[in-house]
Amino acid sequence: MQICLQIFFDSLLLIGLYSIGALGFALIWGVLNVLNIAHGAFIMLGGYLTFLLWRNGLDPLLAIPATMAALFAVGWLIQRFLIDYVVSGPHSLGIALTYGLNLVLIGLALYFFTAEYRSINLPPYLRGYVDIGGAKLTYVRIVIMLIAFFLTACVWWFMDRTELGAAIRATRLDMEAARLVGIKVRTIFDLTTGISAMLAGAMGGLIALLHSASPAMGDQYLLQVLIVTVLGGLGSIAGPMLGALVLGISTSLVSNLWGATYSTLVGATLVLLVLVLKPSGLRGRAFYEA
Amino acid sequence: MGASPVSPGAPDASALLSVRGLDGGHGPIQVLADISFDVREGEVMAIIGANGAGKTTLLRILSGLIQPMRGSIRFAGREIAGSSSDEIVGLGLCQAPEGRRLFSGLTVEENLRLGSFRRRDKSRRVVADALDQVFAYFPRLAERRGQLAGTMSGGEQQMCAIGRALMAGPRLLAIDELSLGLAPVIVEELVAILYDIHEAGTTVLLVEQDVSVALGVADRALVMQSGKIVLQSSPDELLADDAIIKSYLGG
Ligand SMILES: Nc1ncnc2c1ncn2[C@@H]1O[C@H](COP(=O)(O)OP(=O)(O)OP(=O)(O)O)[C@@H](O)[C@H]1O
Ligand SMILES: [Mg+2]
C-alpha cells in the first residue's frame, strides 16, 4: 500500500514535469518543423535563473514566474535572430543550429557557474511533508506538481480556446493559408518559440527547486523530453501528455521497485519497444510527422 | 469585334483595384509580363485562361504571397505592391485560394473565426454578426460548425473557404477556381450565393476555368494567355465570338 502510494505520487510529479517540457518541445517541432536541441539549454537556463533569482533574495516560488517571463523573451529573440533563418531550410540545418546553440549555452554555464550542482535552500514554508498512508509527500513536491499541472492546463486552454492559439494551430497546418487570413506567420513563430522556451524555463526552475541546477541538467532532461515526444507523437496537446504519463509511471514504478539506477533504462527500453512494435507511436501518429 | 486590347497608362484612381505594368513569377522564373487592368467598385470581374496562363500567380501576387518583380498595384487608394499579406488582408483584399486551403484539422467555426483575424474591431458582436452573415449565405456551414473542415465534401469546403474570406469583411473578394472539381448543381448553388454576396456590396474577382460559369456571372472578363492579358471585354462580346474562345481557351 505504502509503496503504491509512493509510486503514485512520484508518477504525478514526473508526469507534470515531463508534460510541460514536452509540450514546449512538441510545439516548436510541430509549428516550425524544427527539432530544437537547444530545448535542453532552455531547461538549464531556467534552472540557473531560478537559482540566481533565489540567491539574490527572491522567494523561489516567485522566481519561477520571473524565470518563465525571462525565458519567453530569450525564446522570442533566439527565434527572431537565429532560428528564423533555418525554418524554411532542411531539417538537418535546424538540428545543427540548435545543437550548436545548445553547446554554446552549456559552455557558458560551465564557464560562469562551473560544473558544480547549485541547489536552493527551501524557505521554511516549503520544508514540511505530509504523511499519506505511510508515503512521504514533501510540500515542495506538492507545490511543484500543482504548478506543473496548472501550466499544462494553461497551455491547453491557450491553444484550444484562444484566437492566438487557433492561429498557431492554423499556421502549423497551412502556413500560406494562415497568411491569407492575415496572420503574421513570423510573429507566430516568435510566439511559439517564446512559449516553448517559457515552458522549458518552468521545467528547469522547478527541477532546480526539487534537486539542483547544473550544466548537465539540460541534456539529461532533453533526453526525457525526446522520449516522451516519441512515445506520444505530435500534433496535439494529448500526445505529449500521454507520453509523459507512460514515461512518468514506468519510471517511478521501476525506481521504487528496483532502485533508481534502473530507472534510466526505462525510457530507452520504452522507445525501443514503441519503435519496433508500433513505429507510428502510441497514438498512431508518428513523432517525426510535422 | 468589340473586344479591345488592354491599354495601360496611369492607374485609374476611381477603380478599387488598379494594376499597372505588373511583372512577377516564382523565384527567378518570370510568369507574368506587363499585366494591367482595373477592377471597379461593385463589379464582378472574371479572369479566364487556359492551364498555366498565370491566373493563380496573379492572385498570389495580389494577396502578397509572392512579391512582384515590377509594376504597381493600387488597392483602395493605397499602393500594395510589396506589402505583406496581413496588411493587404487588413485593407480588405481577401482571397479564397485555389484548392480551398482550409485548416483541415480545425473545425469549420474555427476556420471561419480565423477569417476575422485581421479585423480591427474584433468585438464579440462584430465577429458574431459576420459569422451569422456567413451562415445565412451558407446554412450548411452552420449545421457543420463543429465538424473538422478537412472532413467535409468539396462543395462544403469551397463554401467554408469563401466564408472564411468573407469573415474579414472584404471590399474585394478574390476567388481562385470556384468550380474546380465540383458537381454542376453545387456550382450553380455557389454562383447563386456569389450573386447575393455581390448584391450585398462586395466587389468580386473571380478566376475560373469554366468559361460558361465565369462569363455567366461577370460584368467584365479578362482573358489571360501565357502570363499576359490578351483581351478585356464584356462577357457577351466574348461569348458571341467563338473564335476567341477557341483560340485562347482551347475549347
Ligand atoms: N511554385 C511555383 N514554382 C515555379 N513555377 C510555378 C509555381 N507555380 C506555378 N508555376 C508556373 O507558373 C505558371 C503559371 O501557373 P499558374 O498556377 O499561375 O497558372 P493558372 O493560370 O493558375 O493555371 P491553372 O488553371 O492550372 O490553375 C505555370 O507555368 C507554372 O508552371
Ligand atoms: Mg490556378
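Remarks
- Cβ-derived FRET efficiency at R0 56 Å, B:Asp219 paired with A:Phe158, nearest 0.05: 0.75
- For A:Lys278 and B:His26, a Förster radius of 41 Å and the Cβ-Cβ distance give a FRET efficiency of 0.50, rounded to the nearest 0.05.
- With semi-axes defined as the square roots of five times the eigenvalues of the C-alpha gyration tensor, the equivalent ellipsoid of region B:33-131 measures 26, 17, 13 Å, largest first.
- Per-q log10 I(q)/I(0), the protein assembly as shown, q = 0.08, 0.11, 0.12 Å⁻¹ (Debye; single scatterer per alpha-carbon; no solvent): -0.63, -0.96, -1.06
- Convex hull of alpha carbon positions in region A:141-222: directionally averaged projected area 6.3 nm².
- Label point distance in nm, B:Ala10-B:Lys122, each placed 7 Å from Cα along Cα→Cβ: 4.0
- In degrees, nearest ten, helix A:2-32 long axis to first principal axis of chain A (Cα): 20
- Mean shadow area of region A:1-158 over all directions, Cα convex hull, nm²: 11.1
- Gaussian network model of chain B, springs between alpha carbon atoms under 10 Å - residue of B:Ala53, B:Ala13, B:Ala76 with greatest fluctuation: B:Ala13
- Once Rg and the Kirkwood radius are both taken over the C-alpha atoms of region A:18-89, their ratio Rg/Rh works out to 1.03.
- Computed lengthening from A:Asp84 to A:Ala115, 0.36 nm per intervening residue step minus Cα-Cα distance: 8.0 nm
- Rounded to whole Å, sorted largest first: equivalent-ellipsoid semi-axes of region B:144-251, Cα gyration tensor: 27, 16, 12
- Distance between the modelled labels on A:Lys136 and B:Asp132, one decimal in nanometres: 6.4 nm (7 Å Cα→Cβ projection).
- Gaussian network model of chain A, springs between alpha carbon atoms under 10 Å - residue of A:Met203, A:Met241, A:Met159 with greatest fluctuation: A:Met159
- Measuring max minus min along each principal axis, the C-alpha atoms of region A:2-288 give extents of 59, 48, 35 Å (largest first).
- The mean count of C-beta atoms from other chains within 10 Å of the C-beta of residues in A:162-170, rounded to a whole number, is 4.
- Burial annotation for region B:104-147: residues with an accessible-area loss of at least 40 Å² between the isolated chain and the complete set of protein chains, computed on heavy atoms with a 1.4 Å probe, are B:Leu106, B:Glu110, B:Leu114, B:Phe117.
- Residue-normalised accessible area of the protein assembly as shown, expressed per residue, 1.4 Å probe, Å²: 42
- Shape metrics for region B:124-205, restricted to C-alpha atoms - Rg then Dmax, Å: 12.3, 37
- With the cut-off at under 16 Å, measuring from each backbone N in region B:213-228 to a point 7 Å along the Cα-to-Cβ line of B:Arg40 picks out B:218-222.
- Using a 1.4 Å probe over protein heavy atoms, the accessible area lost on pairing B with A, summed over both chains, comes to approximately 1800 Å².
- Trypsin sites (Lys or Arg not before Pro), loop per DSSP, at most 16 other Cβ atoms within 10 Å - longest free stretch of chain A: A:128-284
- Helical runs assigned H by DSSP (4 residues or longer) give chain A a calculated mean residue ellipticity at 222 nm of -25000 deg cm²/dmol, each run adding -39500 (n - 2.57) before division by the residue total.
- Listed by chain and number, the lysines whose C-alpha is less than 27 Å from the C-alpha of B:Lys228, apart from same-chain residues fewer than 8 away, are B:Lys55, B:Lys246.
- Using just its DSSP H runs of length 4 or more, each adding -39500 (n - 2.57), chain B gives a mean residue ellipticity at 222 nm of -10500 deg cm²/dmol after division by all residues.
- Carbon plus sulfur fraction of accessible area for the protein assembly as shown, probe 1.4 Å, in percent: 60
- Treating each Cα of region A:100-250 as an identical point scatterer and summing with the Debye formula, the log10 of I(q)/I(0) at q = 0.12, 0.19 Å⁻¹ comes to -0.69, -1.31.
- Peptide B:91-99 shows a mean partner chain C-beta count of 2 within 10 Å per residue C-beta.
- For region B:180-243, the gyration tensor built on C-alpha atoms gives a prolate shape. Its axis ratio a/c (a ≥ b ≥ c) is at least 1.5, and a/b is the larger of a/b and b/c.
- Separation of the B:Asp241 and B:Glu199 label points, Cα + 7 Å toward Cβ, nm: 3.3
- Coil-residue chymotrypsin sites (Phe, Trp or Tyr not before Pro) of region A:100-189, DSSP, other Cβ within 10 Å capped at 15: A:Tyr117
- Bridge type composition, the protein assembly as shown - antiparallel percent by DSSP, nearest 5: 60
- Chain B pair-distance distribution - Cα-Cα, 10 Å bins, rounded %: 7, 32, 37, 20, 4, 0
- Calculated FRET value between A:Cys4 and A:Thr269, using beta carbons and R₀ = 22 Å, to 0.05: 0.50
The values are calculated or read from the model by the stated rules, or taken from the named source; none is laboratory data. Since we're looking at a predicted model, the values are computed, not measured. Cβ: placed from backbone, ideal geometry, glycine included. Neighbour counts: every protein chain shown. Calculation scope for accessible area: heavy atoms of the full protein, side chains included, ligands and nucleic acids excluded. Shrake-Rupley method; radii C 1.70, N 1.55, O 1.52, S 1.80 Å.
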